[in-house]
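Written below as structure tokens is the structure these notes are about.
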Amino acid sequence: MEGQESPDLVKTLRPYHVWALGVGIVLVGEYMGWNFTVAKGGVLGSLFALLVAGTMYVMVSLCASELGSSTKLAGGPYDWARLFVGPGAAALVGLGVYMEYIALEAADAIVVASVIQAIFPSANIAVFPMTLIVIAFLTFMNYRGVVAALNLNFALTFTALIAIIVFFFTNIAGFGGQWHPEYLISGAMPNGFVGIFAALQFGPWFYLGIEGAAMCAEECKHPTRAIPLGQQAGMITLLLAAGMTLYVCSGLVPDNVLGVSAYPLFEAASNSGVGILIALLAVGTLFTCLASANGTVCDSSRSWYALSRDHFLTPWFSAIHPRYNTPYRAVIFTMPIAIAFAFSGYLDQVITFSITSGLVCYVLIPFSLIRFRKMFPESHLKAKGAERAVRPFAGPLQPYLAWFTILLAIVIMSTLNWGYNYNLVFGLVFYVIAYFYFTWRYRSLEVHHDWGEDMGWPDPVGVE
Amino acid sequence: MEENNTNIDPVRYASKLKADAGVVILLLAILYFSESFITYNILSTVLAEVPEAAKLLPVYILFFVLLIGIETAGCLRVYGSIKEHMYSFEYYD
């Protein structure tokens, strides 16, 4: 097979690329989508969702930092589950990550097309053809090379982030519109305590996809530094952006408008009446959607590449481009799937499927870490002199934080029962079927795995 | 700390490590300020007019402390890991 004889992925990425990949995918969640928490639980529900989901994601990103800097493989969560849990769980996570990101890419591309249409109303631009152009352009960027794609992400993400920070500080300084405390009081908890709890279902919108930052580990120059540093810097950036966004939007947009707005930050900027902020947030909305879609092409293609490389799919997809060193067939294959999602038109349903997929991963990522710690305990690594090779970065308070992450992910998943119970059931049935299919397919393969040959690690505890 | 490679410039490494630490400290400082400011402002504004919401105040405080505490512990570990491995993995060459 061509894919098996291809060159390796090129190792050029630095911590700021990891930051750009993680934040680039997720920052779009501050520009739209998070505000559905306000419709469910008011401003208090939104703050509750921000803090609870934020706590879960801080722990997920710590698990991802440890696993990513240890394994240094492109498949990210897929490879972690493959190595430490089992083939069925691995394929499930690989598929979950793929679905999570492809659905996001389609949503982002549609929003970019809609914003372009709104900016140039006289040009009569149709949304769907423009969506296709956006998807094709981003696929081409990722086909050409990951550095070019992530440099573009860095510029777009940085601009969109600056827009939020400038808006927040001008607002609290009194130059960015009048902040109305009465909006918070009138929309504090419209559906009572149940509403505050139900708002958790949209909490992941603030941070959905940050674990993807660790998926470029195989392409990092120094993954043991770049992954933990880039991932934690990215997580802090998102916590900052989420808090700032909630603050300015809740005081500038009445809760009944905020809860259903398609562009809450842009709407808040419009209500501020400051021309330069309106322009800045319009550009920010456009750029963050482009950056998110760009990052999702990168990550979903790596997940597909990893599934193919390990024969869960045809190995044809695992070919690396001889000149650009990218998994180009996996990259190109993101295009028809993203177009299919974009064509379906039911974005809220697709995005809820994306959240369900993400939550499945947030159960399996910490579980992979628990298994990793059990298979390679500190005492075993010390005895083998392999601490540096196997676990160069060890997160704090593990595996207790991993167990707590699983608990929070299940609690958040259960809140989808309020309003999206069919999506939840469909998503879970889809993944149960996928689990049994991949487990069956894996049994038909003759797979040889040797920790020393494949990872340069000693055997786990109890194998010798 | 490992310092086996004789071609490594320790002054340069110390300076680069300080730069990494500076980034993390700056981000954490902004995080403490902004999250405290936002949480305090929203809760104090709402609780003054909607007293029944005060029943949830301990839960908000719990998750605020968890979020800030776990992130800080994580960042300290990142710094420790970079400091421990920077020479052996030649991070700054």
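Points to keep in mind about this one:
- In terms of surrounding Cβ atoms within a 10 Å radius of their Cβ, A:Phe436, A:Phe193, B:Phe63 rank from fewest to most as A:Phe436, A:Phe193, B:Phe63.
- Put simply, the amide H of A:Leu13, placed in the peptide plane, has neighbours under 5 Å in A:Cys220, A:Lys221, leaving out anything fewer than 5 places away on its chain.
- For chain A, complete DSSP H runs whose alpha carbons reach 24 Å or more along their own long axis and whose mean Kyte-Doolittle score is -0.5 or higher are A:36-71, A:87-119, A:127-144, A:146-172, A:223-252, A:275-309, A:328-344, A:347-375, A:421-443.
- Note on A:Lys374: lysines with a C-alpha under 16 Å away, same-chain residues under 8 apart excluded, are A:Lys382, A:Lys384.
- Relative contact order, whole percent, for chain A stands at 33, derived from Cα pairs under 8 Å and 6 or more residues apart.
- The shape of segment A:185-267 comes out prolate: with a ≥ b ≥ c from the C-alpha gyration tensor, a/c is at least 1.5 and a/b beats b/c.
- Translational diffusion of segment A:13-455, estimated by Stokes-Einstein from the Kirkwood radius over alpha carbon pairs at 25 °C in a medium of 0.890 mPa s, is 112 µm² per second.
- Local electrostatic count at A:Glu182 - Lys and Arg +1, Asp and Glu -1, tallied over other residues with Cβ under 13 Å: -2
- The C-alpha atoms of segment B:10-85 occupy a region whose extents along the principal axes are 59, 17, 6 Å, arranged from largest to smallest.
- Here segment A:353-457 is described by how far its Cα atoms reach on the three principal axes: 53, 39, 17 Å, from widest to narrowest.
- For segment A:15-106, alpha-carbon Rg relative to the globular expectation (2.2 N^0.38 Å, N residues): 1.26
- Which of A:Asp108, B:Asp9 has the fewest Cβ neighbours within 10 Å, and the rest in rising order: B:Asp9, A:Asp108
- Cα-based equivalent ellipsoid of segment A:397-464: semi-axis lengths in Å, sorted from largest, via gyration tensor: 34, 22, 7
- Segment A:His448..A:Lys11, full-extension length gain: 154.7 nm, with 0.36 nm per residue of separation and the alpha-carbon distance subtracted.
- Cα gyration tensor shape of segment A:100-171, rounded if a/c is under 1.5, else prolate or oblate by comparing a/b with b/c: oblate
- Extending 7 Å from Cα along the Cβ direction at A:Gln178 and again at A:Arg441 yields two label points whose distance is 6.0 nm.
- Chain B: angle of helix B:10-49 to the longest principal axis, Cα-based, in degrees nearest 10: 0
- Label-point separation in nm, A:Asn256 to A:Asn124, each point 7 Å along Cα→Cβ: 3.8
- Cα lying deepest toward the dipole's positive end in segment A:299-399, options A:Ser368, A:Leu381, A:Thr356, charges on Cβ: A:Leu381
- Using a Förster distance of 45 Å, the FRET efficiency for A:Arg323-A:Lys374 (Cβ separation, nearest 0.05): 0.60
- Taking other Cβ atoms within 10 Å as a rough exposure proxy, A:Leu152, A:Leu397, A:Leu200, A:Leu445 sort from fewest to most as A:Leu445, A:Leu397, A:Leu152, A:Leu200.
- Ratio Rg/Rh [Cα only; Rh per Kirkwood] for segment A:59-204: 1.05
- Partner lysines for B:Lys18 [C-alpha distance under 23 Å; skip if fewer than 8 residues away on the same chain]: A:Lys221, B:Lys83
Rule-based calculations on the coordinates, nothing more; no lab input. Computed from a predicted structure; not experimentally measured. Neighbour counts are summed over all protein chains in view; Cβ atoms, including those assigned to glycine, are modelled from backbone coordinates with ideal geometry.
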